[in-house]
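One structure is given below, encoded as structure tokens.
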There are 2 protein chains.
Amino acid sequence: MVRIGLDVGGTGIQIGVVDQDGRILEKGSVVTRIDLPFSEQVAQMAACAQDTLRRSGHTLEEVESIGAGVPGIADENGVVIFCTNLSWFNVPFRTEFQKYIDKPVYIGNDATVAGLAESVAGVSAGTSSSVFLTLGTGVGGGIVIGGKVWSGAHGVGSEVGHMTLELDGVPCTCGNRGCLERYCSATAIIRMAKEQLQVHPDSKIMADCGGDQSKINARMVFDAAKEGDPVGEKVFRRYVNYLAQAINSIICFLDPEVIVLGGGVSKAGSFLLDAVRAALPRYIFYKQMPYARIELATLGSDAGIIGAAMLQQ
Amino acid sequence: MVRIGLDVGGTGIQIGVVDQDGRILEKGSVVTRIDLPFSEQVAQMAACAQDTLRRSGHTLEEVESIGAGVPGIADENGVVIFCTNLSWFNVPFRTEFQKYIDKPVYIGNDATVAGLAESVAGVSAGTSSSVFLTLGTGVGGGIVIGGKVWSGAHGVGSEVGHMTLELDGVPCTCGNRGCLERYCSATAIIRMAKEQLQVHPDSKIMADCGGDQSKINARMVFDAAKEGDPVGEKVFRRYVNYLAQAINSIICFLDPEVIVLGGGVSKAGSFLLDAVRAALPRYIFYKQMPYARIELATLGSDAGIIGAAMLQQ
């Protein structure tokens, strides 16, 4: 038996046929066309899924289930409630997709799905509980407990990025202030760098962005830190401490076996991981007890397909 | 079959024989004697448990298990790692207790156990996931997922009070800054009241404490708020907003069915509950989705016995 995973993104939809162990057997993709009606978008995805399945050498009879990871949330009936990037609001994804491929269709949040993928076929494989953090434009989360995705009792959980990390802190796009993602995302790194450039315009980062601060990205700041640029180092150190406090909050609350760092910022690799591991102990509450391993995600962009395919009831 | 629950506190140990539905059939208690050796303390508890069992009309053969809720943590071998109030550090509670009553012995954190009690026989009965908050001198937490206690992969979870709520915030007894319990505990209410009295010495609270600020307690502050005292109202409003943000963080992360407010501060009843429920919506991330009900604990001081008795593997 195989499963089909759809990684539904704002620019493209990656589709894969995946075996029971989370290995991708064949891939396909379609461009996201938000100009098309929802039914037409689903028709294109289903056609691509059928084509990818054929190329994998497997048949429809061998397909156990279909999963879709979306940057949004869905209800228990397979209705996508919000998926802003695709302009999907209350669309019956499951029912629509089943018009083309009549198999069980599961839907999960993209960060949740990536966390599931790592727990099945990635760095947290073999663990029973894990929290996955996507450190990107925002901060997403995926919780696995007892080997299963936990999206909450109402499907609104694992929104790690909108936990409060600072009362009355930096205004967030969600309308609150001080949300975790305002301190732990790539966006936060860029904001902190710009703040520092106000008083340290001689930083290497200013040269690297050619004086155009709109070109600053997280990698540029981390690279400057690696090369000993004082602004880069300061922002990196601050970011690491914020992230360590966020991770400590997750440990205090849920105490998973593993916390996995994914998303664009995690591409800094061991430079980030080593610093976070070194910063964490000072915040840990039970200092003599073992606590979650902190690891880097290993599946990269395949996590979306694999995790989606692994979704189940 | 019946179970025996021990609510191990710093001043007394409450012991109860409890039926399968979480009803207390008989109670007993012993005074906590931290001057005694550990083995002697356990001998006294066991003797009281045996006496309480006899008075309940049940026999040892009918006892399914024994549970102890302790203000600390234990490992999977039944060794209490930390229990500062009783000066217990790495003591083999299970083994020692089984010398007297040879039944399965389970140990849980006191807040966890109270949460379990509410989920079996209290306000969150019938729900599958809940988070219990003890709003007292500190803030403790109890997590139930899938009807079972979740204390974490290493037993260090549900320490809600030490999640970061404010970066570089109020110094905490744990050595960190800005821990949640520095804003959501009775201690926080008292601190905020004292801060306000510096600039508003004409407050009713100053009269109520007879000018001795060491006598201020959370109830005094809330009572002043009820009577329209500006300092009382300001502290209450601020406390409610802090607690609402803490609750929102729990919803963002875990999204349980119910969040139960227990502990001393929750004795303010509907005055607190109504205000928290009213403050919460502005912080909620998915504003159009259902989210956790917020409720008051109903079992009071019996929760410790009932929850301890309900502990299982």
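Nothing in this text is a laboratory measurement; each read-out follows from the coordinates by a stated rule. If you're wondering where the values come from, they're calculated on a predicted model, not measured in any experiment. We place every Cβ from the backbone using ideal geometry, glycine too, and count neighbours over all the protein chains shown.
Per-structure values
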item	result
Additional length obtainable on full extension of the chain from B:E64 to B:L36, 0.36 nm per residue less Cα span	7.2 nm
Centroid-to-centroid separation of region A:63-119 and region B:252-313 [C-alpha atoms, Å]	31
Too-long pairs where the Cα-Cα distance tops 18 Å, listed order kept, from A:K148/B:K148; B:K27/B:K99; A:K287/B:K148; B:K204/B:K234; A:K148/A:K287	B:K27/B:K99; A:K287/B:K148; A:K148/A:K287
Projected area averaged over orientations for region A:211-313, convex hull of C-alpha atoms, nm²	8.8
Derived scalar couplings ³J(HN,Hα) [region A:84-90; Karplus, 6.51 cos²θ - 1.76 cosθ + 1.60; whole Hz; x for Gly, Pro]	4, 4, 9, 6, 9, 9, 6
Cα-based convex hull, chain B, per residue volume (Å³, whole number)	139
Semi-axes of the equivalent ellipsoid for region B:27-79, Cα gyration tensor, largest first, Å	21, 16, 9
Given 14 as the ceiling on other Cβ atoms within 10 Å, longest exposed-site-free region of chain B for GluC sites (Glu not before Pro) in DSSP loops	B:77-226
Zone of B:T95's modelled label, taken as backbone nitrogen in region B:17-48 under 14 Å from a point 7 Å along Cα→Cβ	B:39
Distance (nanometres) between label positions extended 7 Å along Cα→Cβ at A:H200 and B:D19	6.9
Most mobile of A:L133, A:L53, A:L116 in a GNM of chain A (Cα contacts under 10 Å)	A:L53
Most fluctuating residue given options A:L299, A:L261, A:L167, as computed from a GNM of chain A linking Cα atoms under 10 Å	A:L167
Inter-site label distance for B:A207 and B:T298 at 7 Å from Cα along Cβ, in nm	3.9
Of all DSSP beta bridges in region A:126-297, antiparallel share, percent nearest 5	55
All-pairs alpha carbon distance profile, region A:126-297, 10 Å steps from 0, percent	10, 38, 35, 14, 4, 0
